[in-house]
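The values are calculated or read from the model by the stated rules, or taken from the named source; none is laboratory data. Keep in mind that what you see is a predicted model, and the values were worked out from it rather than measured. Cβ placement follows ideal geometry from the backbone for every residue including glycine, while neighbour counts extend to all protein chains displayed.
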Amino acid sequence: MEETNKNKSSRKLITRIIFLSILVAGALFGYMKYRESKGFETTDDAQLDTDISPVTSRVSGYIAKVYFTDNQSVKIGDTLVVLDDRDLAIKVAQAEAALENAQAGLGTTKASAYSVEEGANTSTYKIDELKVRLDNAKSEYERYKKMLSEGSVTQQQYDKAKTDMESWEKQVATAKQAQKESSSKTGAANKQIAVANSIIKQRQTDLNYAKLQLSYATIVAPFDGVVSKKNALPGQLIQAGQPLCSIVNEKRIWVIANFKETQVSKIKLGMKVELKVDAYPDKKITGKVVSFSSATGSRFSLIPADNASGNYVKVVQRIPIKIELDKENNELTDLKPGMSVYVKVVLGESSLSDTTTPIEKSTTEGASR
């Protein structure tokens, strides 16, 4: 009986010790979390992100060759897809022929303008000659008029001198009218030259556009990265703007962390960040805060919430914050965009001088002055 009581007493003691140990451990854990909350702001609503560019075709056509496979590394300018460009090459040839035709038309127009201008010059020379003859006829007329008053010539000779003078006057007037018409034709011919030049410019523009379209038949990588989501096969008909694949830039990765709106007041630009990627929990990754989103994540959703009716449930909003990895972490090629990340912002530790943008620096300098 005494032994049973002793066993019961020892079990109660052990139970109390275990209970006290759990209580002390819980209190210690709570205290540590409280201390941590004073020195850090954390969130697990974060992901790795990077530049992902869809590669699209700028012209329609049939795919002739595909030079890449899924998840292949490529360099900027590498050829990814080549389209059948025979119809585009024909359009270039047509544009070249149209340009040559326009240039030939310009030559013909210039020759015609030169002929008209020469005709105008000839009219000028003819007028000068007729004016000389008219001056002589006027002198003869005046001489015969004087001699007629003296009775030295007959009336018939006087009338002939007068008729000659009037004839030359009419010829000069006719020549001047012809010169005026030639000058008008010269102006029209010069305008035709301007029109021919404008047609050449238009044909040159058409040729440049045709060559540009032909160049689009070769689709190249816009930057270094890894090709994913291949959607191109030889013989496939594609339309302009149709995505053929995506290129992921794995050399520049950052983190987008969605902090609660109640947390962001403590977070400042340049603060140091400790990161833990779920896929690689043993890797120690560091970074710094570089920018804040201009609005909450919900405002960028396809259908933003509208609480104007007043019938709503208040939800704590999230502010996306961009975190840039430190340079020593850029070698971590096994990090993939979209991976989940646990983020811990170290409050008070900042390297703002390294992350301040030129606009922010100028604002700070202006305020100090």
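Per-structure values
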| item | result |
| --- | --- |
| Ser152 outside any helix (DSSP H, G or I), in the same structural domain as Glu100 (by TED's automatic domain parsing) and either at pLDDT 70 or above or surrounded by fewer than 15 Cβ atoms within 10 Å (Cβ to Cβ) (or both) | yes |
| Residue check, Leu48 outside any helix (DSSP H, G or I), among the aliphatic types (A, V, I, L, M), within 30 Å of Val273 (Cβ to Cβ) and at pLDDT 90 or above | yes |
| Qualifying strands (runs of 3 or more DSSP E) (wholly inside segment 227-315; at least 2 residues being in contact with a helix residue (DSSP H, G or I) (Cβ under 6 Å, 6 or more places away or on another chain)) | 280-292 |
| Sole exception among (1) touching a residue at least 12 places away in the same chain (Cβ under 8 Å); (2) assigned by TED's automatic domain parsing to the domain that holds Lys336; (3) out of contact with any Gly (no Cβ under 8 Å at 6 or more places or on another chain) for Leu275, by number | (3) |
| Pair list, Cβ < 9 Å and 6+ apart or interchain, from segment 48-72 residues that are at positive phi and not assigned by TED's automatic domain parsing to the domain that holds Asp326 to residues that are part of a strand (DSSP E or B) and surrounded by 15 or more Cβ atoms within 10 Å (Cβ to Cβ) | Gly61/Leu83; Gly61/Ile238; Asn71/Val226; Asn71/Val227 |
| Tally of residues being at pLDDT 70 or above and surrounded by 13 or more Cβ atoms within 10 Å (Cβ to Cβ) across segment 182-191 | 1 |
| Test for Gly241: is it modelled with pLDDT under 95, more than 24 Å from the chain's Cα centre (by Cα) and either within 18 Å of Gly61 (Cβ to Cβ) or aliphatic (A, V, I, L, M) (or both) | no |
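Yes/no matrix, rows are residues, columns are (1) within 32 Å of the chain's Cα centre (by Cα); (2) at pLDDT below 90; (3) at negative phi:
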{"position": "Asn307", "(1), (2), (3)": "no, yes, yes"}
{"position": "Val313", "(1), (2), (3)": "no, yes, yes"}
{"position": "Lys322", "(1), (2), (3)": "yes, no, yes"}
{"position": "Thr333", "(1), (2), (3)": "yes, yes, yes"}
{"position": "Tyr342", "(1), (2), (3)": "no, no, yes"}
{"position": "Val345", "(1), (2), (3)": "no, no, yes"}
{"position": "Glu349", "(1), (2), (3)": "no, yes, yes"}
{"position": "Ile359", "(1), (2), (3)": "yes, yes, yes"}
{"position": "Ser362", "(1), (2), (3)": "yes, yes, yes"}
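Residue-wise test of (1) under 30 Å from Ala97 (Cα atoms); (2) over 53 Å from the mean Cα position of the chain (by Cα); (3) modelled with pLDDT under 70.
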| residue | (1), (2), (3) |
| --- | --- |
| Leu130 | no, yes, yes |
| Arg133 | no, yes, no |
| Ser139 | no, yes, no |
| Tyr144 | no, yes, yes |
| Glu169 | no, yes, no |
| Lys180 | no, yes, yes |
| Ile193 | yes, no, no |
| Ile199 | yes, no, no |
| Tyr209 | yes, no, no |
